[in-house]
Amino acid sequence: MQEDHPWVLESKHFKHYIDRFNTLDEELYAQHFPNSCAWDFLSKNIPWFECPDEDLERIYYFRWWTYRKHIKHTMDGFVVSEFLPNVPWAGKHNTINLSAAMHIYEGRWLRTPVYLDDYTRFWFRKGGALRSYTTWLGDAIWARACVTGDFRLGVDLLGDLVTNFLAWQRGWTTQYCGTQYHIGQHENGLFYQLDDREGTEMSISGHGFRPLTNSAMFGEATAIRRLAELAGNSAIVNYFSNIASRIRDVVLEKLWNPQMQFFLTLSADGRTFAKVRELNGYTPWYFLLADPGKEQAWTHLLDPQGFYAPFGLTFAEQRHPKFILSYEGHECQWNGPSWPMATSLTLTALGNLLNQYPQNVITQRDYLNLLKIYAASHRREREDGQVVPWIDENLNPYTGDWISRTRLKTWENGTWSEEKGGRERGKDYNHSTFCDLIITGLVGLRPRQDEIIEVHPLAPETWDYFCLDHVPYHRQSLTILWDKHGDRYGWGKGLKVLDGGRIIAERPDLGEVTFTPMVGLDKTT
């Protein structure tokens, strides 16, 4: 290692990925950072990652390359889009609030803060459609602050977050397919939502008191309470502590089905379950709402009659009689296909389970296997036979075909329909996370409010090496590396955590490391 170069990995070694992506790409909808600027943007902003798994490494850079495409400069500052072409159901600047929290979770690892600072303010103060879909912006704001170590933006937006939450509590009436529904919190304490407004249209479970929306509202209440603590506002702390506790209690009581051992959707009458397991039933673990003792739910993730499939997790369990993979009717059906959104939510939840719940149902090896399947799904075979990296809307879990794309490219009159978003609507679709799963799951940097650095890799000890380098975290730049034999990085054998070229924590095997820089405590467990 050269003394004047504290970084373990050199960015130039990864430029070939970006060059290749640019060469293969048909750039249809360029925004603020076109392909010609991709390397300049990425070289200044992203953590570098290498590992012995070619798919994981390549798709890590592919997903940063696609994320960059969605950063858009507007009269209201920077925003992040979900679709590159304009779609008629989007709000101001072609933004959609359902994907916003995932944009923040993924983008929190960028070194330049202005993109997400602007984007966050946009939702609350520049005309963002905050309640068009379910979202968990407050939770995402908190999660980002746990990476940057800067909670000032969240505290500044505290009043806006409270106003938004109270609007969800009061609720509103909406008409859908000729029927009126009251969206928001009902007398039973649960929040009612249409499946379409969770982005899961045509789901088997249908409208009702759904696990994702209710877990998200718990996440919002918890984030507001935490920000109020930092602001020193005891009235808001007390109110939202009680709100979060009540939501948690009612979700555990009313949405957990002991017979099916799963969180299910409850119908409008509050008495009847939609007896189908869907991936969003894992979202209580995403928000750390689920209590210990419910881990049997995770057995269905690995079951070929449950959610497990060769090209991606199915949204609905395959054993259900209404499970279907249809190339007719609506192009976005959530009654069978694999969806990157649901997959990334589930893998984040699984990372939480493996880190914070005692259980023996599912393992770190299972996490790696599912992450590898997710990575391998990022592909499309072109008409000329060339296989190119690709992320789109919904996936055939048995063949790897992108269903919406197959449908839309020959929509009705044999051409791309402008009413459905235009040509290649789903190309580079920004409605899921991947890089965040590598950083917080596989490599295992677990963001925290305090100054403790916690690393718990889910990567296998059979790997000879991996390295995540130049990671912005709490005003530091970290390196996390594993060198099984000690001959790759020049820092000796084992797991190391470095800050600016200085070892701050280490252990000989691949396990958990926690470190408190302020007191110099190095603890391995």
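The values are calculated or read from the model by the stated rules, or taken from the named source; none is laboratory data. What you are looking at is a predicted structure, and each value in this text was computed from that prediction instead of being measured. Heads up, the Cβs are rebuilt from the backbone with ideal geometry, glycines too, and the neighbour counts pull from every protein chain shown.
Please tell me if R405 is over 15 Å from L301 (Cβ atoms) and either in contact with a strand residue (DSSP E or B) (Cβ under 7 Å, 6 or more places away or on another chain) or among the β-branched types (V, I, T) (or both).
no
Matching residues to (1) surrounded by fewer than 21 Cβ atoms within 10 Å (Cβ to Cβ); (2) of a type in the set (S, T, Y); (3) in the same structural domain as T283 (by TED's automatic domain parsing); (4) under 30 Å from W463 (Cβ atoms):
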| residue | (1), (2), (3), (4) |
| --- | --- |
| L56 | no, no, no, yes |
| M75 | yes, no, no, no |
| Y105 | no, yes, no, yes |
| V114 | yes, no, no, no |
| F124 | yes, no, no, no |
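Please find, within region 390-411, the residue that is farthest from L354 (Cα to Cα) out of those that are in contact with a Gly (Cβ under 6 Å, 6 or more places away or on another chain) and free of Cβ contacts under 8 Å to residues at least 60 places away in the same chain.
Here the residue is R405.
Among what's in region 342-379 and is without any contact (Cβ under 8 Å) to a residue 40 or more places away in the chain and not in a loop (DSSP other than H, G, I, E, B), pick the residue that is surrounded by the most Cβ atoms within 10 Å (Cβ to Cβ).
R379
Within region 314-325, is there a residue that is assigned to a loop (DSSP other than H, G, I, E, B), of a type in the set (G, A, S) and touching a Ser or Thr at 6+ places or on another chain (Cβ under 8 Å)?
no
Hey, does region 229-247 have a residue that's part of a helix (DSSP H, G or I), touching a Gly at 6+ places or on another chain (Cβ under 9 Å), surrounded by fewer than 16 Cβ atoms within 10 Å (Cβ to Cβ) and without any contact (Cβ under 8 Å) to a residue 60 or more places away in the chain?
Scanning region 229-247 turns up at least one residue that is part of a helix (DSSP H, G or I), touching a Gly at 6+ places or on another chain (Cβ under 9 Å), surrounded by fewer than 16 Cβ atoms within 10 Å (Cβ to Cβ) and without any contact (Cβ under 8 Å) to a residue 60 or more places away in the chain.
Restricting to region 412-424, what's the tally of residues that are part of a loop (DSSP other than H, G, I, E, B) and either without any contact (Cβ under 8 Å) to a residue 60 or more places away in the chain or surrounded by 24 or more Cβ atoms within 10 Å (Cβ to Cβ) (or both)?
6
Only helices (runs of 4 or more DSSP H) wholly contained in region 89-206 count here; list those with 2 or more residues that are over 16 Å from F78 (Cβ atoms).
Where helices (runs of 4 or more DSSP H) fall fully within region 89-206 and carry at least 2 residues being over 16 Å from F78 (Cβ atoms), they are 100-107, 137-148, 152-156, 158-170.
Kindly evaluate V443 against the criterion of being outside the structural domain of D150 (by TED's automatic domain parsing), among the aliphatic types (A, V, I, L, M) and in contact (Cβ under 8 Å) with a residue 12 or more places away in the chain.
yes
For region 333-341, check the following and say yes or no: at least one residue is in contact (Cβ under 8 Å) with a residue 60 or more places away in the chain, surrounded by 17 or more Cβ atoms within 10 Å (Cβ to Cβ) and either of a type in the set (K, R) or not in a loop (DSSP other than H, G, I, E, B) (or both).
Yes - at least one qualifying residue is present in region 333-341.
Step by step: first the residues of region 182-198, then only those that are under 23 Å from the mean Cα position of the chain (by Cα) and farther than 14 Å from A216 by Cα, then the one that is surrounded by the fewest Cβ atoms within 10 Å (Cβ to Cβ). Which residue is that?
D196
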